Amino acid sequence: MSRNYNFKEIEEKYLKEWEENKLFKSTEDKNKEKFYVLEMFPYPSGKIHMGHVRNYAIGDVINRYLKMKGKNTLHPMGWDAFGMPAENAAIKSKIHPAKWTYENIDYMKKQLKRLGFSYDWDREIATCSPDYYKWNQWIFLKMFEKGIAYRKSALVNWCPHDLTVLANEQVIEGRCWRCDTPVVQKEIPSWYLRITDYAEVLLDDLKELEGKWPDAVITMQKNWIGKSIGATIKFPIENSTAVLEVFTTRPDTIFGVTFMVLAPEHPLVLELAKGTDYEDEVNEFVNKYTTMSTRERNIIEEKEGVFTGRYAVHPITGEKIPIWTANYILWGYGTGAIMAVPAHDERDHEFAKKYAVPIKPVIKPVEGDWDYEKEAFTEEGILINSNGFDGLKSSEAKEKITQYLEEKGIGEKTINFRLRDWNISRQRYWGTPIPIIYCDECGIVPVPEEDLPVVLPENVEFTGMGNPLEKVEEFVNTKCPKCGKPAKRETDTMDTFIDSSWYFLRYCDPKNDKKPFEKEKVDYWMPVDLYIGGIEHAVLHLLYSRFFTKFLHEEGLVDVKEPFTKLLTQGMVLKKWIKIEKLLELYNLDENAKLSDLAKALGIDTKLEDKTVKQFLEENHLTLNDNAKLLFEKLKFPMNILTKLEEEYGKSDKMSKSKHNTVDPDEMIQKYGADTVRLYTLFAAPPQNNFDWIESGVEGANRFLKRVWNYVNDISEDIKDVTYAHEDFKNLNKEDKDLRRKLHQTIKKVNDDITREYQFNTAIASIMEFFNSLTSYKGENKKILKESVENLILLLSPFTPFIADELWRIIGNTGYTIQQKFPEADPSALIEEEKEIPVQINGKMRGKITVPADASEEEVLNTALENENIKKWIEGKEIIKTIFVKGKILNIIVKG
C-alpha cells in the first residue's frame, strides 16, 4: 500500500536539499558547451502573479532539460527594482522606497524558490543596490565621454501643482493622475542618449535575428526605428527671413501642396500669428493641445486646426501657401511641420474637406478614373500638373524632383528615422542618480570614476510635490571635482529602462566591484541563447538592450553585437469571469429580483435578507458591471458554483486586480503543490499562446501526479534492486516489445517537442499517454518495468522536479534527477515488426489490420480481403483501384 502523496512535505524537503547542495550553481567551463537561458526579471511589486509563474516555468524546464543534456547552463534571477510604485508607496504609506522594495524582494524570492525554479541565487542582483547602479553611472560616463550622453531642453508633461514631470500614462484627460491639476507642456533641461546614432545598425542587424525572434517583434522594431527615404524641402515664409523645413517621403507631390501645417508646439506658431487677426484663436488652440499628453494626442480622431494668418512661398512655383496649425501633426516627429497635399494624403484630404482648403491633383492613376474631391489617391501613378515633370511615373519622379531641388539649393535627399534620442531624465527619487555636477566656473562636470557610486540619500521627505532630491541640501551641495569651488549635483535620476538595458551582462560577473563585468566571463556566457518574456517589451526594453550592447561592443567591453540570440514571447494567462448582470441574465433575472430568488436559481439553500439584488449592490458599493465573484463573496455563496459558470459562460480576460479575476499562486501551491501548478501551466497550451486558467484543468494535473505517485510507490519494492543493460532487451515477447517501443517513442517525442519550439504541452501529453500504456502492462519483465519507470521519472523531471526527485529515491536511486542524463531513444526499440493499418472502403474507415511493418501493397490488400469486417463491405462489388501509403493506410475503391 503506497503512502499518500504529501506534496508539501516532499517539496519542502527538496527545496532544502537543493539549496544546501548548491545544485543550480553555474561556473565557466570551457570544456563544456554553454547555454544561457534568461527570463525577463520582475519588478518587485509585492507578489508574483500567474504570468510570472508561466514565464519562469518555461525557462526552468529549458534549464533543467539542457543541464540533463550535458550543457553548462546559466540561469540567473534578479530584480528590476527602481520605479514609481515604490515612491508612491512612500508618499501614501510613509514607508521608505528601499524598505518597501527589499521587503517585496524577500517575499517574492521565497515564492520563486517555493516553485522549485533552478536559479543560481548566488548571481542575484537588485538594480536599486549601489553595487549595481554604480555601473549604470559608469556606463553613463563612458557615453558622456563619447558624446552619446548630452543635455538639452525637452518638452515634457508638467504638473504645476506637484511640480513634477509626468509620463504620458500619468496624464488622464489633460490632468495629473494624482492631483487632477490641468497638465501643461513645459521645456526643462534633460539628459539624452544619442540612440539615433545607432539607428542604421539597429535596423540592419535585425536581419541577423530573423527566424530567431518572432516576426511581430522584428516588425515592431523596424516600425519604431522607422527608416524613411525622402527629401527635406525649404519653404520661405512670406515677408520673413524665416524658412519652414519639411521632410517628405513624397517629393513627387510637391506641385500639389495647397497648405502647410505646423504642430501646435512648433516654436514658430505663436510667432507667426502675432499681430494677425488670428492671434487669439491660435493662442487658444495652442494652449488646448499643448496641455495634452502625446498619448492623448495620438488617439484623437477628429482633425482640428486654425489658420495662422501667414503664408509660405512655394520654392518652385512661387505660389502663396497658407500656414495652418493642426492637431494631427506632432512636435518631435520629423520637423514638426509638413507640406500638405490633400489630393494624395488621406489625413490632409480629410482636413482640406473640413476647412474648404483647395485640393490639387498632381498624380493620376495608371488606369481608370478617380474623383479627387471624394478621396485621396496614394498609389503609384503618373504625374500631371507638375510643370516639366508631367508624364513621369511617381517612383521615377521622386528621384528627378529631388535632384532638381538639390540643383536649385532648395532641398536635399534625406534619410529620416522615426526613432528619437532617448530622454533618460526623471524628476524622481527612486532611480539611479545621474553622475553630473554643475559648477559656475567649469560648467557641466562629470563625477570622477573613483567617486562612484553617487549614492541616493536616505533622509528624504516624500510629499508627492517636486523632485525629493532637490530638497536634500547635503546631497545637492558639493564641490566641483575640477576647481574645488562650491557646486550643485544633478538631481534628476535615470529612466529605469537603463537598469534593464545591460543587466544580462552583470549576471555573468555579479560580484565584481572593480568593473561592471570581466570581459572574459561575459564573452564565455554571452549572448543570451534564449530570452523569455512578454511581447509588450518588444520595442523599448529590447531596443535599448540592443543599443547598450552595441555601444559596449564599440568600447571593446563585449565581443557580441546582439544580446539575445533567440527570443520566446510567452502568451498571457487569462481567467474567465462573469459580470453580475450576466449572472442574472443566465437565470432570467434582473436587478429587481430578490436575493432569495437568485439563491434558489443557483440551487443554494440558505436564508437571506428580504432585499432585492439592486438594494444589496447599492449597500455594498457594487454595480452590475462588477465581477459576480464579489457578490458571491458578500453573500457567502459556494465558489465552486461560480467556477463552473465561469468556465461555461465567462469572458476570457487578462488577469487583473481591477476585474477581480486573478488567481493567487500561493493559494494554488497551498492547495495542489508546486509541481501541479507547474505542470498545468506548461500543459495548458504551447508557450507562445494565451490560455484560460481553468481550475478543473489544475485538478486534472493533480490527479495525474497522484496516479504516478501511487503507481511508482506500489511497484517500487518489486523493481528497487533490479538492474538492466541493453543486451537484456533482446528476444522479447510481443507485449514487452510493445511497451518498450512505446517508451522509446515517447522519449523521442519529448526530446523532439522540447527542442522544436519548446512544445511542452505535447511533450507532457505524450508522457501521459505512455503512463497509460505502462499501467496497462500485464507482463512480468521487471527489467522493462525498471527501465520504463526510471525513464518516466526522468522525462517528468524538468516539468515536475519535486515529485521526480522523491520517486527517483523511492525506486532505489541516489542523487537528484537534474544530475542524471536525460533519456535518449534507443533506435533498435523504435523498429516496428508489425503495424496496425487502417483500411477504408471508398474513403470511409471500415476496419484495421495488423501486417508486417515492411508489408507491400499486395500483402496488405490480401490481408484486408481476408478480414471478416472488411469482407462484408466488398462482397459482390468490383474493386476499381487501391490507394496505399506504406505503413499508414489502405483505401479500397469499389463500385456496384
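The values are calculated or read from the model by the stated rules, or taken from the named source; none is laboratory data. Predicted model, so just to flag it, every value in this text is computed and none were measured. Ideal geometry is used to build each Cβ from the backbone, glycine not excepted, and the neighbour counts take in all protein chains shown. What goes into the accessible areas is simple: the full protein's heavy atoms, side chains included, and nothing from ligands, DNA or RNA. Shrake-Rupley method; radii C 1.70, N 1.55, O 1.52, S 1.80 Å.
Brief remarks follow.
- Meets criteria (surrounded by fewer than 18 Cβ atoms within 10 Å (Cβ to Cβ), at pLDDT 95 or above and of a type in the set (S, T, N, Q)) for THR308: no
- Set LEU642, LEU705: member being assigned to a helix (DSSP H, G or I) and under 30 Å from LEU785 (Cα atoms): LEU705
- Restricting the stretch 256-276 to residues that are in a loop (DSSP other than H, G, I, E, B) and out of contact with any Gly (no Cβ under 6 Å at 6 or more places or on another chain) leaves a set whose member that is farthest from ILE329 (Cα to Cα) is GLY275.
- Of the residues in the stretch 221-231, none is aromatic (Phe, Trp, Tyr), open to solvent by less than 70 Å² (accessible area, probe 1.4 Å), under 25 Å from PHE551 (Cα atoms) and touching a residue at least 12 places away in the same chain (Cβ under 8 Å).
- Test: residue in the stretch 35-49 that is farther than 22 Å from GLN688 by Cα and among the acidic types (Asp, Glu): no
- Just one of the listed residues (GLU834, GLU866) is surrounded by fewer than 17 Cβ atoms within 10 Å (Cβ to Cβ), touching a residue at least 12 places away in the same chain (Cβ under 8 Å), out of contact with any Gly (no Cβ under 8 Å at 6 or more places or on another chain) and not β-branched (Val, Ile, Thr), namely GLU834.
- Taken over the stretch 184-200, the residue count meeting the criterion of being among the hydrophobic types (A, V, I, L, M, F, W, C) and either exposed (fewer than 14 other Cβ atoms within 10 Å of the Cβ) or touching a Lys or Arg at 6+ places or on another chain (Cβ under 6 Å) (or both) is 2.
- The residues of the stretch 797-812 that are open to solvent by 10 Å² or more (accessible area, probe 1.4 Å), closer than 25 Å to ASN702 by Cβ and touching a residue at least 12 places away in the same chain (Cβ under 8 Å), listed by number, are GLU806, TRP808, ILE810.
- Selection over the stretch 331-356 of residues that are within 19 Å of GLU281 (Cα to Cα) and surrounded by fewer than 21 Cβ atoms within 10 Å (Cβ to Cβ) gives a count of 3.
- Enumeration of residues in the stretch 68-92 that are open to solvent by 10 Å² or more (accessible area, probe 1.4 Å), within 26 Å of the chain's Cα centre (by Cα) and modelled with pLDDT of 95 or more: ASP80
- Hey, PRO481 in contact (Cβ under 8 Å) with a residue 24 or more places away in the chain, closer than 19 Å to ILE434 by Cβ, more than 28 Å from the chain's Cα centre (by Cα) and in a loop (DSSP other than H, G, I, E, B) or not: yes
- Which listed residue is touching a Pro at 6+ places or on another chain (Cβ under 9 Å) and open to solvent by 50 Å² or more (accessible area, probe 1.4 Å), from GLN615, GLN688, GLN670: GLN688
- In this entry, PHE771 passes the filter for residues that are open to solvent by less than 10 Å² (accessible area, probe 1.4 Å), in contact with a helix residue (DSSP H, G or I) (Cβ under 8 Å, 6 or more places away or on another chain) and part of a helix (DSSP H, G or I).
- Candidate set from the stretch 837-855 (those that are open to solvent by 50 Å² or more (accessible area, probe 1.4 Å) and more than 21 Å from GLU875 (Cβ to Cβ)); member that is modelled with the lowest pLDDT: ASP854
- Residues in the stretch 248-262 that are open to solvent by less than 40 Å² (accessible area, probe 1.4 Å) and either at pLDDT below 95 or under 16 Å from ILE410 (Cα atoms) (or both): 7 in all.
- Candidate set: the stretch 202-229, residues that are assigned to a strand (DSSP E or B) and under 30 Å from GLU412 (Cα atoms); chosen: the one farthest from the chain's Cα centre (by Cα): ILE229
- Residues of the stretch 653-667 that are open to solvent by less than 60 Å² (accessible area, probe 1.4 Å) and assigned to a helix (DSSP H, G or I): PRO665, ASP666.
- Selection status of THR402, within 44 Å of the chain's Cα centre (by Cα), of a type in the set (Val, Ile, Thr) and under 30 Å from ARG194 (Cβ atoms): yes
- Within the stretch 316-330, the residues that satisfy the criterion of being open to solvent by less than 30 Å² (accessible area, probe 1.4 Å) and assigned to a loop (DSSP other than H, G, I, E, B) are ASN327, TYR328, ILE329, LEU330.
- Taken over the stretch 522-540, the criterion of being closer than 19 Å to LYS207 by Cα, open to solvent by less than 10 Å² (accessible area, probe 1.4 Å) and either among the polar types (S, T, N, Q) or under 16 Å from the mean Cα position of the chain (by Cα) (or both) is satisfied by LEU530, TYR531, ALA538.
- Strands (runs of 3 or more DSSP E) wholly inside the stretch 389-449 that include at least 2 residues being at pLDDT below 95: 411-417
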